[in-house]
Amino acid sequence: MAPAQQDVTMREESVQPLIKIRDLKSEYSSENGIDCFDNNNIVIKKRPSDDIFSDKDFDLSQYEAMEFTPRIRWPDLIVQLALHSLSIYGLYLVLTFEVKFFTILFVLATVYTSGFGITAGVHRLWSHRAYRATLPLRIVLAILFTITGQRDIYTWALDHRVHHKYSETVADPHDVRRGFWFAHVGWLVLSPHPAVENRRAALKLTSTDLMADPVVRIQKLLFIPLFGLLNIIVPTAVPWYCWQETLLNSLILSFVTRFTITLNIAYCVNSFAHLWGNKPYDKFITPVENAVVSLAALGEGWHNYHHVFPWDYRTSELGRINISTNFIDAFAKIGWAYDLKAASTSMIINRVKKTGDGTFGETEEPEPSPAEHKHL
C-alpha cells in the first residue's frame, strides 16, 4: 500500500475526463455562508451550476474551419535556438571532460529536484487540484518550479487547463494533430491559433482559484527577478564557488544546458506521450502510456491514464514508475499534503472495459481497503 493512502479520497462516481474549471469566488462566496478557501486551498462544499461549464458562446466548429497561418515569434525562436546551440556545446564540454565531475552531478540533481515543482506543483496541485498542500509545501514547490524557468505558475496552469478542456482541437495550445514538432516546441515559437487565445481569455474568468493563492500571486509578480536569481545566478554560482568550476563552464552547464534539458523533458510529455504508446484506458484519445517519458519526467508519461482521470494525484495506477507520486506521499505522511484524490479500482476497471484498447494488465497494487481511506 502506498504510504499516504490513509489520506486518499477514492472516487466512485463517473467523472468526465475533461477539466471543469469553476468560478469559485462567485459560486462559493462568503456572503452565502460558505467557506471558499482553507489554508488558501479550494474547499468545494456544494455542486456548482453546470451553466458555468457551458461553451454556448464558443463555436469550436467555426474555429476548426478557419484558415489560419501562424506567424513566427522571432524573439522566442532565437531564444530556443540559442539555448539548444549552447547546450550542444555544453554536452561537448562534458564528453571532453572539460568540466568537473561534481558539476555534472549538480546539474543532474538540479534537473530532477526542480522537476517536482512541475509535476507535484504546477501540474498536479495548481492545475488539477488533485490534492491540497500547506503553505510551506506550496512555497517549496513554487521555488522548485521557478528554478525550472517555465514561466509563472498562473500562466502555465491556465494553459494546461485549456489543453485538457480542449485537447486535440484547434483550441489546444499544443495540438498534437499539427505534428510532433509543433507539439514539442513549435507552439512556443509560433503565434497561437485564435481559438487558443479565445479560450485562454475565457478560462481566466473561471480560474480565479489560482490567483486566490498568495504563493501564485507573489511568484507571478516577482517572476522576472526570481527567474534571474533561482534559474541563473544561484545554479551558476554553486559550482563556481563550492568546487572552483570555471565561471563560463558553470554558466553553460548549470544554467543553459540544465535549463534546456528541463524544457525538453517537459516538451516530451506534450509530444512523445501523445503519439507513441498504448491506450489501456481510452483508445479514442491521443494521449498514451509511455514508460520512457515517465522515467524522465518523474511519472508524467502515463498520459492515457492522466487524461482519463486528470484529477487523480497519482497520474497513474499504483505500482508504476511515478516518483512524483512518492514525493507527494512522503509529504502526506507529515501532513503537508492532504485530501489526495484517486480513482478507485472499480472505476478504473469499468473505464478499461468500456474504452480501453485491450492492453490493460492486472492491477499492480490493490485498492486500499475502506478502513484506509475516505469515500467521497
Please go through the stretch 294-330 and give me each residue that is acidic (Asp, Glu) and not in a helix (DSSP H, G or I), ordered by number.
300, 312, 317
Residue count for the stretch 176-231, restricted to those that are farther than 23 Å from residue 128 by Cα, surrounded by fewer than 17 Cβ atoms within 10 Å (Cβ to Cβ) and of a type in the set (A, V, I, L, M, F, W, C)
5
Consider residue 310 carefully, then state whether it is crowded, with 23+ Cβ neighbours inside 10 Å, in contact with a His (Cβ under 6 Å, 6 or more places away or on another chain), of a type outside the set (A, V, I, L, M, F, W, C) and within 17 Å of residue 121 (Cα to Cα).
yes
Taking the stretch 100-129 only, how many residues are in a loop (DSSP other than H, G, I, E, B) and touching a Pro at 6+ places or on another chain (Cβ under 8 Å)?
2
Using beta carbons and a limit of 6 Å, which pairs, at least six apart or on different chains, have the first residue in the stretch 49-71 and part of a loop (DSSP other than H, G, I, E, B) and the second one at pLDDT 85 or above?
68/193; 70/190; 70/191; 71/191
Could you tell me which residue of the stretch 337-376 is modelled with the highest pLDDT, considering only residues that are more than 26 Å from residue 126 (Cβ to Cβ), charged (D, E, K, R) and touching a helix residue (DSSP H, G or I) at 6+ places or on another chain (Cβ under 7 Å)?
367
Please verify whether residue 234 is surrounded by 18 or more Cβ atoms within 10 Å (Cβ to Cβ) and at pLDDT 95 or above, treating the condition exactly as stated.
no
If I go through the stretch 308-323 residue by residue, how many of them are closer than 15 Å to residue 361 by Cβ and modelled with pLDDT of 95 or more?
0
Keeping to the stretch 88-109, report how many residues are touching a residue at least 40 places away in the same chain (Cβ under 8 Å) and more than 14 Å from residue 251 (Cα to Cα).
1
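The values are calculated or read from the model by the stated rules, or taken from the named source; none is laboratory data. Since this is a predicted model, take the numbers as computed values, not measurements. Every residue, glycine among them, receives a Cβ derived from its backbone with ideal geometry; neighbour counts consider all protein chains shown.
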